[in-house]
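For reference, the structure discussed in these notes is given below.
The values are calculated or read from the model by the stated rules, or taken from the named source; none is laboratory data. This is a predicted model, so every value here is computed, not measured. Here the Cβ is made from the backbone with ideal geometry for all residues, glycine too, and neighbour counts use every protein chain on show.
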Amino acid sequence: MNVVEFDAAAFGYANRPEVLSGLTLSIEPGEVVVLVGRSGAGKSTILRLANRLLLPTSGAVRVEGRDTREWDGIRLRRRIGYVLQDVGLFPHMSVEENVGLVPRLERWAADRIRTRAHALLDLVGLPPASFAWRRPSELSGGQRQRVGVARALAADPPILLMDEPFGALDPVTRLELQREFLRIQRELKTTVVLVTHDMSEAFTLARRIGVLDAGRLVICDVPAAVARSQDPRVALLLETMPRVPRDGNGS
Amino acid sequence: MSGLIEFWRTHHAELVRLLGQHIVLVLISTGVAAAVGIPAGILAFRRPRIGQPLLFLANVAQTIPSLALFGFLLPLPFIGGVGSRTALVTLTLYALLPIVRTTVGGLRSLDRAVVDAGVAMGMTPRQLLFMVELPLALPSIVAGLRVATVIGVGTATIAAAIGAGGLGEYIFRGLSMVDSTTILAGAIPAAALALCADGGLAWLEHRLRSQRASFGRPVLVGAAALTAVIVLAWSASAGPSGASVVVGSKNFTEQVVLGELLAQAIEAEGLQVVRKLNLGGTFICDRAVRSGDIDLYVEYTGTAVTAVFHEDVPHDAGQAFERTRQLYARAGITALDPLGFNNTFAVLVRGRDARQLGLRSIDDLRAVAGQWTPGFGYEFLQRADGYPGLIKIYELGFRTAPRAMDLSLIYKALAEGQVDVIAGDATSALIDALDLTALEDSRRYFPPYDAVTLIRTPALLRHPEIGRAIARLSGRISERDMRGMNRAVDLDRRDPADVAKEFLASK
């Protein structure tokens with residue numbers, strides 16, 4: 001069964017009717033799908049449709065086989081981890097409280113929340129002994145992003161949505177976190193939909209890459225197939241990553 | 001300065017009580033405003049369609065001058081009336097705006113990413129509010145409380161004008177006696193109180209903003225300090241309870257002395273008396289006695305007939321008193337026999353001018369009016385037996401429109417040359433002290449102003465001994481007596497209560 005399924009899903013506003021048009025895409029369990037496209041291509045809208053922050057104006061979005069219209073938004077969101085570019089850590093809570101937030105909303109027992117938060121901090125490489133009590137303002141950008149990932153994973157969600165999670169980091173930290181991310185994903189086998197405008201990031205992380213342009217999915221395939229694509233919209237994005245060898249298009 | 005410390009020493013108990021009243025007024029009003037304003041601010045943030053009008057209303061309330069708001073609320077049922085109720089309503093209205101505004105502002109300025117994260121993590125709107133939005137907006141809200149409290153401490157001084165007590169009593173008493181020591185005795189503690197409140201809340205705000213700190217501690221310390229202040233203030237402000245007779249007075253020296261005279265005479269009969277002296281002008285006292293906020297006060301026949309009942313006054317003193325008695329009887333108020341003196345308006349000029357220009361009567365003013373600036377109290381300017389009639393009967397044309405000023409400042413303004421002619425009380429001690437000359441009312445424009453005690457008839461029937469006590473005073477207070485007592489308070493800086501006590505002992 002597909003974990004997330006877009007069935008001719010479209011979304012728009014009265015003054016901007018085609019933010020996303022006719023998206024059909026199925027995401028299998030344990031898969032990492034990376035959606036690439038320039039700003040305004042509709043990437044974030046896809047994520048917001050998946051956790052019912054938005055409802056499609058036509059077509060359907062199904063999560064675990066059920067139409068998002070039938071899901072209770074609150075229940076759905078607690079089953080879906082979400083990592084934002086600006087992280088959005090709660091500044092008035094400690095790192096441990098941030099990580100334990102969804103379990104707390106789910107009314108876990110206090111000691112279970114604590115155990116879980118510490119396990120996750122270990123997982124993302126922040127030893128709880130020196131990080132659990134800190135405030136977000138006392139962390140570096142990379143550390144904050146790690147906390148963001150730990151927080152998204154806290155209630156063991158089957159699905160993880162990531163909106164340009166490594167976009168604001170310096171290149172070295174970004175590479176480090178991308179590797180960590182792959183390790184964690186292989187360990188937990190979480191289904192991940194990740195959005196980025198960085199084509200090389202897509203090639204580093206994805207099992208499948210989806211290329212979006214002006215609200216339409218141009219291609220969604222394994223990286224090798226995307227690299228061979230003749231579509232000019234894909235080619236333009238590929239040109240942004242000069243060090244990736246291109247084959248099959250004669251250049 | 002030493003006079004000030006001496007004043008505080010001798011009035012120690014009263015100072016503590018007034019300070020307590022002041023704090024209670026501010027705390028209750030700010031507390032109610034917070035209880036209403038914070039939810040209103042949340043509503044305004046969540047539902048702008050409801051919220052915008054709310055914010056607008058709070059804005060409007062803020063723009064009404066405080067004295068006007070007090071006066072406006074005074075005649076309303078339930079929330080109005082002389083005393084702390086009206087003051088609390090007014091202070092609460094003033095505290096609302098800063099609280100609502102900072103609540104809305106604090107919520108609006110939250111980091112979008114943080115709020116989005118809360119929603120995306122599956123928080124319900126309520127969880128989002130209590131776990132994220134309110135904790136993060138709390139420093140702003142505390143900043144609003146801080147502004148509201150400081151405004152409240154200041155505005156509460158004006159509340160004394162309508163009998164709500166507080167440190168403003170010293171300020172108004174000092175104004176009416178033209179005594180800066182008494183004014184400072186109230187103004188300095190009020191300023192200190194404002195600074196303390198500001199400092200304490202600034203500390204709390206700072207602690208909340210520095211996000212290293214845990215949220216629990218500063219809030220707990222603040223709450224504990226607040227509780228302590230409330231308990232102390234409450235116990236200090238509690239005046240005598242179970243009292244049965246309330247004596248009021250207007251806001252000038254003579255009235256305060258007369259109020260003391262009545263109060264002490266009634267206390268001599270073994271009754272408990274509550275003093276609401278220095279209430280305000282004629283209109284406030286009239287409303288207070290009609291609504292039952294006070295049981296008795298001293299009025300003047302001429303004032304009663306013209307200013308209260310809007311009739312022409314008979315120029316005969318006996319007829320004026322008879323008319324006064326009839327008019328009040330309909331309102332359930334008994335006018336007791338006149339106390340003996342006639343406190344008519346006196347048109348006053350500087351003694352030097354009177355001697356140089358040979359001014360004797362108001363008629364003589366016509367020759368100089370073209371170069372002169374008059375200054376009158378607010379009430380005199382409005383009343384039919386005041387300024388409009390005066391210039392008509394005497395055909396006076398002054399150089400400028402009259403300067404309106406507080407009764408308590410007017411004698412000094414004349415002596416210092418800011419104005420050239422004023423209307424004052426014939427019994428004022430300042431006439432002699434500042435070398436002023438009263439011009440003769442040759443055309444008998446001013447009606448008789450015999451002092452009479454007005455008392456609510458039900459109170460008189462319940463306690464006939466009050467009638468007996470006041471009957472012993474009637475006809476016994478001459479104009480000379482009254483000027484003497486005014487002089488003792490205004491110039492010798494004696495306490496009105498002591499002056500009244502001595503007078504009663506001498507009779």
Matching option when the condition is surrounded by fewer than 20 Cβ atoms within 10 Å (Cβ to Cβ) and within 14 Å of chain A (Cβ to nearest Cβ), among B:115, B:132: B:115
Just to be sure, is residue B:109 within 30 Å of residue A:150 (Cα to Cα), away from chain A (no Cβ under 11 Å) and in contact with a Ser or Thr (Cβ under 9 Å, 6 or more places away or on another chain)? yes
Looking only at the stretch B:343-377, and only at residues there that are among the β-branched types (Val, Ile, Thr) and under 30 Å from residue B:481 (Cβ atoms), the one that is modelled with the lowest pLDDT: B:344
Can you say whether residue B:336 is in the same structural domain as residue B:250 (by TED's automatic domain parsing) and in contact with a strand residue (DSSP E or B) (Cβ under 8 Å, 6 or more places away or on another chain), as far as the supplied structure shows? yes
Return only the number of the condition from (1) within 9 Å of chain B (Cβ to nearest Cβ); (2) touching a residue at least 60 places away in the same chain (Cβ under 8 Å); (3) assigned to a loop (DSSP other than H, G, I, E, B) that residue A:41 does not satisfy. (1)
Return yes or no: is residue A:166 in contact (Cβ under 8 Å) with a residue 24 or more places away in the chain, in the same structural domain as residue A:51 (by TED's automatic domain parsing) and assigned to a helix (DSSP H, G or I)? no
Mind listing just one residue for me: the one in the stretch A:52-103 that is in contact (Cβ under 8 Å) with a residue 40 or more places away in the chain and part of a helix (DSSP H, G or I) and, of those, nearest to the other protein chains (Cβ to nearest Cβ)? A:78
From the residues in the stretch A:108-123 that are crowded, with 17+ Cβ neighbours inside 10 Å and charged (D, E, K, R), which one is nearest to residue A:134 (Cα to Cα)? A:114
